[in-house]
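Notes follow once the structure below has been shown.
Derivation of every value follows stated rules applied to the coordinates shown; laboratory data play no part. From a predicted model like this one, the values you see are computed outputs, not experimental measurements. For neighbour counting, all protein chains shown are included, and Cβ atoms are generated from backbone atoms with ideal geometry for every residue, glycine included.
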Amino acid sequence: MSSQELKNKPLVEAIFEMRWALQQKGLGGTVDPHYRLLLGRLYDRLQTEYPEHQQLDTANIPDEMAGHVVQHRFRVAEDDWPLVQLGPGIFTVNDTSKYRWSDYRARVIDAQKKLYDAHPKSGELKIENLTLRYIDAVEFDHQSSSVLDFLNEKMKVSISLPQSLFENTDVDLLPQHFQTHQMYHSKKPLGIVQISFATGQRDGKSALIWETMCQSIGDDLPKVPEEFETWLDQSHTLVKDWFFKLIDGDLLRRFSGE
């Protein structure tokens, strides 16, 4: 994402995801009737850019239970990124440390076009969900320092509990685990923007992990494929703006390598 400009990127993963409607089959089951044919046709179109095909264990799930479950990956090289993923009713483009927005944007647009070109009946594709999501992390030992103080001092995020809760008790002030998730309506792009913070691990070390996501569903969806690029650019602009506002200050200097 915007971390393209940073020497020490906090980016864990950038994820674009598209989901489309499945068809009802039997009692409670759903299927993607064109999935098998789509898989083969898409493989042919991705082979030049993503020659390494990987079938996941989820490919063994019965079709009626595999809706919106990724089953196949197409990588630029073995165990390398970026990659494209496909399953019944789901399509993603993912990247990690090599991420640059200009490259990622081009890959998402190209992969989306190839998906529509490969689909045997693209006019019947009923898109249900478009998501652009970024996962970032910064090393932080929440066992010895307050994650609430860190959020307040480094990211301008204020979350607290009444001090009286801890008075005359044997409760430690340091949270052993922390997680918060919020969502807000967005007009550009039309949909919702979500942000979450949680303590966790990255590369075996304690970290603060945050996710920023733009998502459009239902009536908020743009016309796809006609308005897809506009949606993608608007989503990225919003997420980039939030990212830099959150890290402005000490974290920006740290990620910039200053």
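Details
- Overall shape of the chain was characterised from the C-alpha gyration tensor. The equivalent ellipsoid obtained from it has semi-axes of 37, 21, 19 Å, in decreasing order.
- For the stretch 122-164, GluC sites (Glu not before Pro) are listed when DSSP marks them as loop and at most 14 other Cβ atoms sit within 10 Å of their Cβ; the list is empty.
- Averaging 1/r across all pairs of distinct Cα atoms in the stretch 91-232 and inverting the result yields a Kirkwood radius of 18.2 Å.
- Net charge of neighbours whose Cβ lies under 14 Å from the Cβ of residue 59, counting Lys and Arg as +1 and Asp and Glu as -1: -1
- Options 46, 70, 180, ranked by Cα towards positive dipole end of the chain, top entry (Cβ charges): 46
- Long-range lysine pairs (8 or more apart or interchain), the stretch 22-125, Cα under 26 Å: 4
- Per residue, the convex hull volume that the Cα atoms of the stretch 22-125 enclose (Å³): 97
- Of the trypsin sites (Lys or Arg not before Pro) in the stretch 122-198, the ones in a loop by DSSP (not H, G, I, E or B) with at most 14 other beta carbons within 10 Å are 126, 156.
- Straight-distance candidates among the aspartates and glutamates for linking to residue 154, with alpha-carbon spacing under 20 Å and chain neighbours fewer than 8 residues away dropped: 5, 136, 139, 141, 211, 241, 248, 250, 258.
- Helices meeting the span-like rule in the chain (full DSSP H runs, Cα extent of at least 24 Å along the helix axis, mean Kyte-Doolittle score of -1.0 or higher): 101-118, 228-247.
- Proximal charge balance of residue 146 [Cβ under 14 Å; K/R count +1, D/E count -1]: -3
- Summing Cβ point charges (Lys, Arg +1; Asp, Glu -1) relative to the Cα centre of the stretch 1-64 gives a dipole of roughly 140 debye.
- Residue among 111, 191, 161 farthest towards the positive dipole end of the chain, charges placed on Cβ: 111
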